[in-house]
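Visitor: Pasting a structure here, questions to come.
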Amino acid sequence: MSGMGPMIDATDVLRGPDPRTKQKETLGQRSRRALDRVIMTVAPVHGQRRLAARERARLEAQSSEFLRKRIKALEYSTLGHPSVAPNESTDKKWIGNRQSNDDQLQESLVEMQFRSRELYQVNPHAHGAVESRAKYIVGTGLSCRPSLPTCKHLSDDQCKEFVSTCKRAYKRWSDRGVDRRRRLSLPAMQRLAAKTYSIYGEAFFVFREAPFSGPCGLTVEEIHPMRVETPPEFFTDDNVRMGIRYDENDQIVGYYIRKANVKFRRGADSDYDFMPRFNEAGQEQMVHVFEPCLPDRSRGIPWLCAAFSFIKLIDDFHESELIGKQIEACFGVVVKRGSSNKVSPYTIHDGEGSSSSGMPFEDLYPAMVQEIGENDDIVKVDPSRPGGNFAPFIEASLRAVSAALDHPYELIAKNFFRTTYSSGRLAMLDGRLSFDIGRQPLTHQLLGPMHRRFIGSCFFHGVFDAICDMIHYAACRQDFEDHAWGGTQQGVIDPQKETGANETALETDQTTLADIHADKNGDWEDVKEQRHLERVREIHLRIEEEVLERDLRRQHGLPDRIKDEQGKGETVPAGSTATDSNATDDDEEDDYE
């Protein structure tokens, strides 16, 4: 008994549960207890060992359960943030991707771009959202407002002449096409850039010099974002990431562009062109337009990315609702066979015919009588669903999509029902701020470099030779390249209230004419000069009209019409003169004599 360990009291084990506890014993427990009695009777030593092993296993299980609960309690009581505390019901719903921002994007960029393009092509809400965003970001085109207030090499008149010449050069360049094929005007190129930026989250442009018939030879060529990729031979190069080559200081050197004339074929070799970021003269040659939403991110993500799931759910709900309505519009019946009229499933249908898929059908017509079996019955198929949950579900889903895209719900749904002036203005104010933010990457990363290249090309081709030369431009390059891009004419909800608000803001020095006209894609100096010309022309036309009326009245012997201070006319006899209210007394006496 020395190696048996501590003695176990087998009385409770052999006796079974206390009948006063009303605890029922399972069949396995009774069988095990009966076996323990037999072993204890035949071999008490082995029976004690058996009971000791069972008790040891029970204590180990209790201790392991206690430790598990203790460890779990310690996990909950850690010093981490409560938002990431373990939760068995929600932890499995988190993906837990711990890759870096660039590694995560590199794995899924192509698929995200494909999905975004597909949604733009086939989904009405996604298509409308992209179109409205491009419309409010660019509109009918962002106009360039060159500025040269002062220059030490030019006079004030020459500065004004430079600005007006630059505006005329922009118009001629836009009218003759700014792209490589000379088909797109400047506003059309801007709208295409805004759509590409919204669909793919980024846009690439290359500036080239080409034969020209306008003021300069500059062309702006847009590169499809999916053509910018890493060539296979540079997959292991740490300085090439997603088609962008970096130097040792992590500065962008250039981009690898897959040639457009090479069709994608699995296993086929593709040719790539390397386009440096700057040309030999230090000018921007290729620009990458995107706004990183996370740090250390080399490429942009599609604007629709955050709403992919919701937009597809709306598609599925639309499809299911449409199928339900189509079935509901049909008159579907099912013949329920009686017990005495059983038909073999291999019996040929005796109706009117069958469809191409083998489904039998009957030709229904007025006053039709169809004989059925004695015990047969007809059951109508009713696919209609009670309740009107379709419109509320679509509205709630579109509001979630608008929140994800930071785009006004009224513009996505094209629904201004139940929209008051205050709520509509509040929604558009929030939308305008979003549009202004979306416009900044285009103006800073695309239109700004394009303007600098345009001014340099115009100087090179002699557009400003009558004003200044290349030496002056090289000495004051920043002054000649100073400019701004106008906003879009978004209209007003209530013109009278908007005009009154602008007048009050001007009187209280809360805004300027430049800001007011810039929001309307205009230049306040141009507006003032145009209004001056219009007023002068109105005065000339009014005088010519009065002279013509006087001559015609005199030719026909009618009295002249003289207008008083209030602008009302009165007639006087022909050939007589009206009394001048400012005549002196001496003149009156001479007339009397």
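Since every read-out is calculated from the coordinates, none of them should be taken as a lab result. Quantities reported herein were computed from a predicted structural model and do not represent experimental measurements. With ideal geometry, Cβ positions are generated from the backbone for all residues, glycine too; neighbour counts draw on all protein chains shown.
Visitor: May I ask you to derive the FRET efficiency for ASP436 and ILE323 from their Cβ-Cβ distance with R0 = 51 Å, giving the value to the nearest 0.05?
Guide: On the way: r = 43 Å, r/R0 = 0.84.
In this case the efficiency is close to 0.75.
Visitor: Continuing with the same structure: For LYS497, put the label point 7 Å out on the Cα→Cβ axis and report which residues of region 398-435 keep their amide N under 19 Å from it.
Guide: So the set is 408-411, 415-433.
Visitor: Full extension from ALA210 to ASP315: what is 0.36 nm times the residue separation minus their Cα-Cα distance, to one decimal in nm?
Guide: On the way: separation 105, 0.36 × 105 = 37.80 nm, distance 4.59 nm.
That pair, ALA210 and ASP315, stretches by 33.2 nm at full extension.
Visitor: Also, quick follow-up: Percent of Cα-Cα pairs per 5 Å bin, from 0 to the last occupied bin, for region 28-134, please list those.
Guide: Calculated P(r), rounded to whole percents: 2, 8, 8, 8, 8, 8, 8, 7, 7, 7, 6, 5, 4, 5, 4, 3, 2, 1, 0.
Visitor: Let me ask you something else. Report the gain in length on full extension from GLU545 to LEU35: 0.36 nm times residue separation, minus Cα-Cα distance, nm rounded to one decimal.
Guide: Details: separation 510, 0.36 × 510 = 183.60 nm, distance 12.90 nm.
So the chain would gain 170.7 nm between GLU545 and LEU35.
Visitor: For region 509-528 and region 269-303, what is the separation of their Cα centres, given in Å?
Guide: 35
Visitor: Please sort 274-283, 105-114 by packing, taking for each peptide the average over its residues of neighbouring beta carbons within 10 angstrom, highest first.
Guide: Details: 274-283: 11.8, 105-114: 15.7.
Ranked from most to least packed, the peptides come out as 105-114, 274-283.
Visitor: Given a Förster distance of 41 Å, report the FRET efficiency between ARG176 and PHE274 from their Cβ-Cβ distance, rounded to the nearest 0.05. Spell out each step's value before the answer.
Guide: On the way: r = 30 Å, r/R0 = 0.73.
Efficiency computed from Cβ-Cβ geometry: 0.85.
Visitor: A further question follows. Provide the gained length on full extension for the span PHE114 to TYR246, in nm with one decimal, where the gain is 0.36 nm per separating residue minus the Cα-Cα distance. Could the numbers behind the result be given before it?
Guide: Values: separation 132, 0.36 × 132 = 47.52 nm, distance 2.63 nm.
Here the segment from PHE114 to TYR246 would lengthen by 44.9 nm.
Visitor: Rg to Rh ratio, region 101-222, alpha-carbon atoms and Kirkwood radius? If you can, show how the numbers build up before the last one.
Guide: Values: Rg = 19.0 Å, Rh = 17.1 Å.
In region 101-222, Rg relative to Rh is 1.11.
Visitor: Something else about it: Mind ordering 501-513, 307-319 by average Cβ neighbours within 10 Å, highest first? Intermediate values should be presented prior to the final figure.
Guide: Numbers: 501-513: 11.9, 307-319: 16.2.
Ranking, from highest mean packing down: 307-319, 501-513.
Visitor: Sticking with this one: To the nearest 0.05, how large is the calculated FRET efficiency for SER89 and PHE460 if R₀ is 45 Å and r is the Cβ-Cβ distance?
Guide: Working: r = 68 Å, r/R0 = 1.51.
Taking R0 as 45 Å, the efficiency between SER89 and PHE460 is 0.10.
Visitor: Where the only charges are on Cβ atoms (+1 Lys, Arg; -1 Asp, Glu), what is the dipole of region 97-195 about its Cα centre, to the nearest 20 debye? Display every interim value, and only then the final one.
Guide: Working: 19 positive and 11 negative charges, 122 e Å.
For this selection, approximately 580 debye.
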